[in-house]
């Protein structure tokens, strides 16, 4: 085993321990908020693979989350499938949807692609309402209290631990997030990841090195959507409710904001992006409750972040490291 | 590679530590229900303070202003009411975690006056499971009162949309027995409840609905629906829509040269500001004579100019909600629901608990709410858990609403 692989393993084990120990130190409610961080993290990994690594902007990832969320909700209520079992199905369904969307979308580039994806985000709520018999229409689907929803009524026993709903959600979301993180890392470090980056950096160069543009882009869309589907499934389970308004256009935009704050094209800062999506609106509300103030605070902070940290959180960490290294070098005689 | 990994772990650990230290435990309370101390009652709710539906924000602000006024005068049974409002931007996916925050972190005594049908539907099973009162839901959906047996911790406030539709039906049956009605309705529970109520009110009369066109709330416009309704040849147009679409309905019907004998516009879309806009400086003749219902005092109505309650209303707003537009009747709604809450809390007594409050609300007769139209009582009993079921018809004339006739009472059972 090489040194770097060993180090990766150690880092993951350490992070894993921190993540899994956290609920013991925070309130139930905090654990629930952190489970949303885990859910957003899953979606952000997917979006980063598409936008950060392959260079394809998506303003429609909320729609893929909706597909995942509705797959889970409908399977649970109409077909009696246990919540965890719906997640893999949601991943497959959304992944296929993403791949199919990616085939024609691959012909579009830049702003045109952004508009096409935005169109899906805008259309999704109406489509869901149109098929009312299937999706429950505007009234949505309520999962709370159904036997398929683990731990919502009685705590669940797992490996000798008794977990209430919030802690159960936390572990579920973060398990998926950690596995997703590793898979994402594995995809990106190999041949597929190189093809993604080649497409991002120069399509001409990528084609001349034998990379199929259409296939690579569609694949990136498929993988990315599969992540969004997993996040959507978890989102439905955590929120215990889906309706067309639970996946608004704003969600797609927040995801893009998260990935930019985290730093495009790097898995390093994604947790920061997920924390930003979850906590910044709440925090902005605490600053002032006068009309419109939270939105202004949120916007101002976002502008500051983008101005001060062009590389996002990932860029900040790299810069900090350069600083400490330089400091160390100065001390040397 | 090494550098990258260290920064990865740095990032992960830093954020987790920040998050963990940010955790604050909720206030510890002994014995009594959460949210009640000897000197305070904590209520919480969600409201669209930002976003597309932020026009509804005055509902929570008006209530907050009234609580502050009551607090300044000693509170309820010696307890001051604290009302924490969180912004869900009208998105049920936000309503759920925010409501959990109110219950699990802020430890509210009750969730109060949360606004919006789908947001409240999303948290209803949860709140009932946690045995937290879901008090005076700010939505006219019929389900709050109808499904009381299944969700005993949930109670609405305003007349249900079904009751409102029923009043229009009864009115038409009585005054225009041969009316042929064309209905524009929003394609969700809100529009369907109104339409259902209308049909119920029309039962056993010759007046009938001959055309009904749904529209989607996300639709760009409703011109084709109005054209179809016109071609039905109906002599009465009923608009069961939100303000933006009601405006379009008036405008398109006018452009098509449709002159129905009567127009009905539901309560949600009949604010004075909307009506004035629809009238377009008197260019749109359809607007005049429109019929709607009311249960609140309209701050623009000259008959309440010297009404002590409406004077107090303006005084409270100036004092506790400076900058508020007092002509917006949604502030009146907020104060009305706060007044009833204070009344209920007072009756629940010194030993306030969730159980004692629910017991009060189970058979509740609260007359004399000064912000409601005279004679309207807030009342529940037996199986009937619809607090307000009385309303008044009003007609838009000369740029203002004028009420006519007496109180219309609807019995759900």
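The values are calculated or read from the model by the stated rules, or taken from the named source; none is laboratory data. Predicted model only: the values in this text are computed from it and were never measured. We place every Cβ from the backbone using ideal geometry, glycine too, and count neighbours over all the protein chains shown.
Looking at segment A:130-145 only, could you name the residues that are at pLDDT below 85 and facing chain B (nearest Cβ under 10 Å)? Once the filter is applied, which keeps residues that are at pLDDT below 85 and facing chain B (nearest Cβ under 10 Å), segment A:130-145 yields A:130, A:132, A:137, A:138, A:139, A:145. Contact map, segment A:150-166: residues that are at positive phi and surrounded by 12 or more Cβ atoms within 10 Å (Cβ to Cβ) paired with residues that are assigned to a loop (DSSP other than H, G, I, E, B) and at pLDDT 80 or above, Cβ distance under 7 Å, separation 6+ or inter-chain. Pairs shown: A:151/A:164. In the set (1) closer than 28 Å to residue A:122 by Cβ; (2) at pLDDT 85 or above; (3) surrounded by fewer than 23 Cβ atoms within 10 Å (Cβ to Cβ), residue A:308 fails one condition alone, (1). When each of A:237, A:271 is tested for being assigned to a helix (DSSP H, G or I) and within 11 Å of chain B (Cβ to nearest Cβ), the lone residue that passes is A:271. In segment B:116-132, the residue that is surrounded by the most Cβ atoms within 10 Å (Cβ to Cβ) out of those that are under 17 Å from the mean Cα position of the chain (by Cα) and in contact (Cβ under 8 Å) with a residue 60 or more places away in the chain is B:119. The condition (being in contact with a helix residue (DSSP H, G or I) (Cβ under 9 Å, 6 or more places away or on another chain) and more than 14 Å from every other protein chain (Cβ to nearest Cβ)) is satisfied by just one residue among B:200, B:174: B:200.
Looking at segment B:319-328, can you tell me whether even one residue there is within 29 Å of residue B:55 (Cα to Cα) and at pLDDT 95 or above? Yes - at least one qualifying residue is present in segment B:319-328. Scanning segment A:243-256 for residues that are more than 8 Å from every other protein chain (Cβ to nearest Cβ) and either at pLDDT below 90 or over 15 Å from residue B:89 (Cβ atoms) (or both) gives A:244, A:249, A:255, A:256. Taken together, A:91, A:128 contain a single residue that is assigned to a helix (DSSP H, G or I), in contact (Cβ under 8 Å) with a residue 40 or more places away in the chain and under 30 Å from residue A:199 (Cβ atoms), which is A:91.
Where in segment B:80-152 are there helices (runs of 4 or more DSSP H), lying fully within it, with 2 or more residues that are within 12 Å of another protein chain (Cβ to nearest Cβ)? Don't jump to the end; show me each part of the working.
Values: elements: B:92-100, B:117-130, B:143-146.
The qualifying helices (runs of 4 or more DSSP H) are B:92-100, B:117-130.
Per this entry, residue A:53 is not counted among residues that are within 10 Å of chain B (Cβ to nearest Cβ), under 21 Å from the mean Cα position of the chain (by Cα) and at pLDDT 90 or above. Residues in segment A:261-281 that are within 18 Å of residue A:297 (Cβ to Cβ) and free of Cβ contacts under 8 Å to residues at least 60 places away in the same chain: A:261, A:276, A:280, A:281.
Of all residues in segment A:197-229, those satisfying the criterion of being more than 17 Å from residue A:187 (Cα to Cα) and part of a helix (DSSP H, G or I) are A:201, A:203, A:204, A:205, A:206, A:207, A:208, A:213, A:214, A:229.
Within this structure, residue B:237 fails the test of being closer than 21 Å to residue B:53 by Cα, in contact (Cβ under 8 Å) with a residue 40 or more places away in the chain and surrounded by 18 or more Cβ atoms within 10 Å (Cβ to Cβ). Of all the criteria given as (1) modelled with pLDDT under 95; (2) more than 12 Å from every other protein chain (Cβ to nearest Cβ); (3) assigned to a helix (DSSP H, G or I), the one not satisfied by residue A:10 is (2). Does residue A:123 satisfy being over 18 Å from residue A:54 (Cα atoms), within 14 Å of another protein chain (Cβ to nearest Cβ) and at pLDDT 90 or above? For residue A:123, the condition - over 18 Å from residue A:54 (Cα atoms), within 14 Å of another protein chain (Cβ to nearest Cβ) and at pLDDT 90 or above - is met. If you go through segment A:25-40 and keep only what is facing another protein chain (nearest Cβ under 10 Å) and in a helix (DSSP H, G or I), you end up with A:28, A:29, A:30, A:31, A:32, A:33, A:34, A:35, A:36, A:37. Filter segment B:357-383 for residues that are surrounded by fewer than 17 Cβ atoms within 10 Å (Cβ to Cβ) and over 21 Å from the mean Cα position of the chain (by Cα); which is nearest to residue B:42 (Cα to Cα)? Only one residue fits best here, namely B:359.
The number of residues in segment A:146-181 that are in a loop (DSSP other than H, G, I, E, B) and either modelled with pLDDT under 80 or away from every other protein chain (no Cβ under 11 Å) (or both) comes to 10. Only one entry in A:232, A:222 is within 14 Å of chain B (Cβ to nearest Cβ), closer than 21 Å to residue A:102 by Cα and in contact with a helix residue (DSSP H, G or I) (Cβ under 9 Å, 6 or more places away or on another chain), namely A:232.
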